[in-house]
Structure formats: C-alpha cells, structure tokens
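Have a look at the structure below before the remarks.
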Amino acid sequence: MSNERTHRVAVIGGDGIGPEVTGAALDVVRAAGVTLATTSYELGAARYLKDGFVLDDATLEELRGYDAIMLGAVGPAIGDTRIPGGVLERGLLLRLRFGLDLYINYRPFRGVAGSIAQGCEFAIVRENTEGPYAGEGGILRRGTPHEVATQGSVNTRFGVERCVRYAFGRTASLESPRLTLVHKTNVLTFAGDLWSRVVSEVGAEFPDVAVDYNHVDAACIYLVESPQRYGVIVTDNLFGDILSDLAGAVTGGIGFAASANLNPARTGASLFEPVHGAAHDIVGTGKANPLAAVSSAVLMLEHLEEVAAARRIARAVADFDGDVAVLGTDGVAKNLIGRL
C-alpha cells in the first residue's frame, strides 16, 4: 500500500470521452491505495467554444505547482470547424510542454495478444520541446502567387543532450539494453549530425548499451516487420510524433497507448495522457476504453515514486483479458481493481 503521502494532481478531463477515461483511471489509482488531492480544470475545445479561453498565464502558473497533471483528451468533434486548426494544439498542448519544460515524451509499448507486435516491449523517447514544433518560421507575401512559407527545425545541443541522456538512462535498466537513434542523417545533415554526435558521445558513458541507428523511413518498416529489434528508440520531436502513433497501431491500437510528458528536473509538473482522441461519437455510452488512461496513470505513479502501486496496476493491465466492448468503461475499471 501507499505510505499515505498525498499527491496534488491537476485533472484536465478535456473533451469527449476525456473526462470518462480519466475518471476511471483515478478510480483505479485510488483503489491501489494512493492518496490524491485532485483539482479539475476546464480546458479544451468546449471551454474555447464557450468563452474563447485556451490557457492563460495565471492558469499555467497554477498548473506548475502541482505534483502531476492528468489529461484526458482535447479536441472538437469530427466535422466541427468552429475552432481554427492549431488553436488547441499550440494554445494548450504545446504551451503546456514549453511552459512547463516537458522536454521528454516517453511512450512505452507492449504488444497485446493478436497484434503485429504481440509479446514485444519497447519504448520511444521523443524530444518534446524543439524541432519543427518550436514554431520557427513564417509566411511572406501571403495569398499571392509568390507566397513563401518557411518552417525551421530547432535543435540545440542542450535540448538534444538532455533527451539522449534520459534515453540512455532508460535503456541501461533493460535486461538487453539496446538504444536506436532514429533520424534522417543522409538528408537532414545538420540536425542529424548533432544528434549522431551526441548519441556517440553520451553512449561512451554507457558501455553496456548497444547502440544502433535507423533512418526514419526504415524504422517505419522495421516497426511493422520486426518490432522485437527495438529496446528504446530516441528521436526528435516530429519523427517521434509519427513513430509513436505507428508503434501504437502495431502493438494493438492507440486505445492502449499511454504517454508521459516529463520534466525530469521537476521544475514544472509533468503531464500524463492517453494518446487517443476525444471520440465524441461514443460520449455517454459507457463504451470508452480506459486502458490507455490507466496505463498513463501508471507512468504518473512511477514519477510520483509510488512504485509498488504502479507495479500492481501495470500487472493488472497486462493480465487484463476481458472484452472492453462488453465491460464498458466502468466495467474495465472494476475488473482492474479486482486484480489489485
């Protein structure tokens, strides 16, 4: 059981099924004996449509002070065009990553029964605050035949090295430690050279870790054909975004995929979220799959050093063999709680 510490957790249920799966995950965490003091924040598409609010400075500073943040899902229903593209992504999700310095996106994967990657376990460590997502660029002569759009990719030695060091630390704990850098060094020669040199230099400090390299296009093939070749993949922001969704697909679907947006230095609250969408079409039906949210809560508990509870919940998820469609959201949560 927990040592009775109380953890302050901000809960952003968000939109669609977000509040449902987040609520189920919190039920499982509490059943595992972890004491949480939660505060809910109404942020996401619904809040924006109601009053034009995304995330202001005061709320960001409030969130910084929590021990962790749980996020359900954000986004409007498919076909709803009332929110311009990028408003929620940059105004909420990326602002949280940049503002709280959540420089690591960590996504572990375990192939479920019947998936392409059945029995495989690997992880992707993605640099989370640089690359093309940093927003360097602009548009000249908009709307004319001579329009020019530029989008730069920002890669700093500081940002790359702290990501690579985290990845090596994760890899070193594996039974068969293998780290694979994924990039496109034959074309992106400047950024690729920086990433390659940093991996080589940091890797010298971890002689027991086998180091490999894949071009990103090759990695897309290998993830489908031979996912067992990977232990930990380390990569930049854009490639990591794409590869982690592919990894979710080959391991059973993004309905099972968890993620942690981490500030290992703990100068801001880390954020934990399933990577699926808001699925507005099944809101209120009780059919939402909470397993990804529960697995994200496991990552939160590891971050909060509630290791025993995290392991019990992780085992319950790994042993889960029920039919989500039959059990529904609440039924899955009760099934997991019964296994703790």
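Some observations on this one:
- Residues in segment 52-82 that are out of contact with any Phe, Trp or Tyr (no Cβ under 8 Å at 6 or more places or on another chain) and either polar (S, T, N, Q) or under 25 Å from ILE282 (Cα atoms) (or both): GLY72, ALA73, VAL74, GLY75, PRO76, ALA77, ILE78, GLY79, ASP80, THR81, ARG82.
- Residue that is loosely packed, with under 10 Cβ neighbours inside 10 Å, without any contact (Cβ under 8 Å) to a residue 60 or more places away in the chain and either outside the structural domain of VAL87 (by TED's automatic domain parsing) or within 17 Å of LEU243 (Cβ to Cβ) (or both), where the choices are GLY143, GLY169: GLY143
- Test: ASP57 is free of Cβ contacts under 8 Å to residues at least 40 places away in the same chain, charged (D, E, K, R), surrounded by fewer than 22 Cβ atoms within 10 Å (Cβ to Cβ) and within 24 Å of ASN263 (Cα to Cα): yes
- Selection status of ARG97, basic (Lys, Arg), more than 18 Å from the chain's Cα centre (by Cα), under 24 Å from SER295 (Cα atoms) and at pLDDT 95 or above: no
- Flag if ASP193 is out of contact with any strand residue (DSSP E or B) (no Cβ under 6 Å at 6 or more places or on another chain) and not assigned by TED's automatic domain parsing to the domain that holds GLY23: yes
- None of VAL187, VAL211 is among the hydrophobic types (A, V, I, L, M, F, W, C) and assigned to a loop (DSSP other than H, G, I, E, B) except VAL187.
- Any hit, segment 149-156, residues being closer than 30 Å to LEU174 by Cα and either assigned to a loop (DSSP other than H, G, I, E, B) or within 21 Å of the chain's Cα centre (by Cα) (or both): yes
- Yes/no for VAL148 being surrounded by 13 or more Cβ atoms within 10 Å (Cβ to Cβ) and not polar (S, T, N, Q): no
- Close pairs (8 angstrom Cβ cut-off, 6 or more residues apart or separate chains): under 29 Å from VAL9 (Cβ atoms) in segment 61-86, in a strand (DSSP E or B) and among the acidic types (Asp, Glu) anywhere: MET70/GLU273; LEU71/GLU273; GLY72/GLU273; ALA73/GLU273
- Number of the condition not met by ARG126 [criteria: (1) charged (D, E, K, R); (2) closer than 16 Å to ALA257 by Cβ; (3) assigned by TED's automatic domain parsing to the domain that holds GLU302]: (3)
- Count of segment 32-73 residues, restricted to those that are of a type in the set (S, T, N, Q) and part of a helix (DSSP H, G or I), is 1.
- Residue satisfying condition, being over 12 Å from ARG126 (Cα atoms), more than 23 Å from the chain's Cα centre (by Cα) and modelled with pLDDT of 95 or more, within set LEU179, LEU194, LEU174: LEU194
- Identity of the residue in segment 1-31, polar (S, T, N, Q) and either out of contact with any helix residue (DSSP H, G or I) (no Cβ under 7 Å at 6 or more places or on another chain) or part of a helix (DSSP H, G or I) (or both), that ends up modelled with the lowest pLDDT: ASN3
The values are calculated or read from the model by the stated rules, or taken from the named source; none is laboratory data. Just so you know, these numbers come straight off a predicted model, no measurement behind them. Quick reminder, even Gly has a Cβ in these numbers, built from the backbone with ideal geometry, and neighbours come from all protein chains shown.
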